[in-house]
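We did not get these values from a lab; they are worked out from the coordinates using the rules stated. All figures in this text were calculated on a predicted structure; none of them were measured in a lab. Cβ atoms come from the backbone with ideal geometry, glycine included; neighbour counts cover every protein chain shown.
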Amino acid sequence: MKTMFCNKAKEWFSPYFDGVLGSKDCSKLEEHFRVCTHCDSDYTRFKSLFEQVRALPEVPASGTFETRLRARIRREEAPARRSWWTDFSRIPLPVPLGAAALLLIAVFAYTRSGDEGTPTRALPEPGRKAEATDSARTRTNTLPSFLGGRGPGGAVGRVASAGGGLSAPRSHPVDMNGVPLEGPFFEIEGPPSPRGDRSSVDTSRGR
Amino acid sequence: MSAKGPMGERTDEELMFLYRDGVEEAFTELVRRYKNKIVSTAYRVVGDYAKAEDVSQETFLRVHRNADRYRSIAKFSTWIYTIALNVARNELRNTKRKRLVSLDAFGRDSDSDSEPGTYDIPDESSMPDQDVETRELRRIFNDAIKKLPERYRTVFVLRDVQGLTYEEMAEILKVPKGTVKSRMNRARLKFRELIEPILGDSSVDR
């Protein structure tokens with residue numbers, strides 16, 4: 001016959017089975033088993049069930065477990081394959097951005113100095129040929145020949161025509177865009193000489 | 001620490017220190033000792049053999065990665081089980097997020113491959129000494145373990161399947177020993193509720 005103590009006894013099955021029930025409670029439970037056949041047989045079934053659970057075999061690892069594990073460890077330890085992109089992406093971003101910005105500023109400044117307003121050169125003194133201080137020409141002179149500057153031979157570079165090929169030297173000095181360098185202050189006296197004297201053209205502009 | 005002497009005679013902690021010092025063989029021995037225990041534990045927690053192997057591989061990888069940090073404050077077994085359970089829990093969380101786990105009704109034929117959580121444990125057929133009844137009982141037990149709520153399932157597997165002590169479980173789960181006892185009690189009561197209708201044991205409380 002079930003008693004009030006039976007519910008308590010049931011709570012003690014698990015620690016009693018594991019040998020972790022306190023000694024006083026152990027004695028009480030064992031005494032209860034002596035007087036309560038219901039709890040006694042219930043505990044017998046409990047014990048049998050969990051002894052069978054404890055007898056469950058281990059679930060074995062697969063035959064390839066160790067091989068696969070070794071391969072994964074090797075993969076982790078191998079140095080990463082490097083590609084140009086890997087190297088490039090390691091450069092801190094501000095570096096290429098800064099380089100690009102500097103380049104843009106340089107190009108901008110270069111083109112701007114050619115587009116600035118009316119040159120403010122002094123009128124050539126009578127009898128004195130205007131000095132070739134034209135910045136465009138100067139610029140032209142400092143440019144590589146393929147960009148319209150002086151080539152190794154000192155010749156003024158040729159300017160590419162709109163048609164694509166190089167044109168014959170113009171009779172008037174021209175700027176980077178092929179615009180003749182003449183204005184109200186200049187007197188075009190003739191084609192510039194290959195070297196030196198460019199007094200016929202005063203295209204100085206402030207740089 | 002000298003690497004002399006067979007690895008099989010070393011304690012787990014000695015092997016771990018040897019591995020930390022660069023002795024590869026020590027790690028091989030540790031894997032040999034623990035791979036089945038970890039796969040077994042992981043299988044009964046996550047309920048799927050392929051995932052259990054993944055969990056176990058990840059467990060050993062973490063042991064490898066953290067070898068430098070190993071200190072003998074805790075037993076190696078406690079440490080590796082802690083790692084395994086953490087990885088298994090993560091796997092369960094990911095699985096829950098991906099799909100609903102359908103609970104099989106007990107007693108239904110569960111050999112269908114399409115059912116989630118079914119498994120094919122290797123070498124099951126290579127145990128000819130196990131008769132059909134024993135294998136069927138084992139299947140019923142494994143199914144019941146899968147049905148336990150996660151925190152009951154964990155203590156149940158650690159204690160009744162892997163044989164860890166209450167002290168070890170308290171350390172692994174980072175809960176007081178009293179909590180372990182209480183969960184163990186609830187886990188077994190729940191397991192009995194699941195099992196007894198199948199086994200035909202009707203000795204429930206009157």
Look at B:Ile145 and say whether it is under 22 Å from A:Ser41 (Cβ atoms), within 12 Å of chain A (Cβ to nearest Cβ) and crowded, with 19+ Cβ neighbours inside 10 Å. no
If a residue must be touching a residue at least 12 places away in the same chain (Cβ under 8 Å), assigned to a helix (DSSP H, G or I) and surrounded by fewer than 23 Cβ atoms within 10 Å (Cβ to Cβ), how many such residues does the stretch B:54-78 contain? 10
I'm checking my understanding of the structure. Among residues of the stretch B:22-55 that are small (Gly, Ala, Ser) and in contact with a Pro (Cβ under 9 Å, 6 or more places away or on another chain), which one is farthest from the other protein chains (Cβ to nearest Cβ)? B:Gly47
Given the options B:Arg89, B:Arg93, name the one that is free of Cβ contacts under 8 Å to residues at least 12 places away in the same chain, more than 25 Å from B:Glu14 (Cβ to Cβ), assigned to a helix (DSSP H, G or I) and out of contact with any strand residue (DSSP E or B) (no Cβ under 7 Å at 6 or more places or on another chain). B:Arg93
Being buried (at least 17 other Cβ atoms within 10 Å of the Cβ) and away from chain B (no Cβ under 12 Å) is the filter here; which residues of the stretch A:3-32 pass it? A:Leu29, A:His32
Looking at the stretch B:163-184 only, could you name the residues that are free of Cβ contacts under 8 Å to residues at least 12 places away in the same chain, within 11 Å of chain A (Cβ to nearest Cβ) and either surrounded by 20 or more Cβ atoms within 10 Å (Cβ to Cβ) or not in a helix (DSSP H, G or I) (or both)? B:Gly163, B:Thr165
Residues in the stretch B:56-73: is at least one over 18 Å from B:Arg151 (Cα atoms), away from chain A (no Cβ under 13 Å) and of a type in the set (Gly, Ala, Ser)? yes
Quick check on my filter: what residues within the stretch A:53-67 are in contact with a helix residue (DSSP H, G or I) (Cβ under 8 Å, 6 or more places away or on another chain) and more than 7 Å from chain B (Cβ to nearest Cβ)? A:Pro57
Over the stretch A:33-59, the set of residues over 14 Å from B:Ile195 (Cβ atoms), buried (at least 18 other Cβ atoms within 10 Å of the Cβ) and under 60 Å from the mean Cα position of the chain (by Cα) is A:Val59
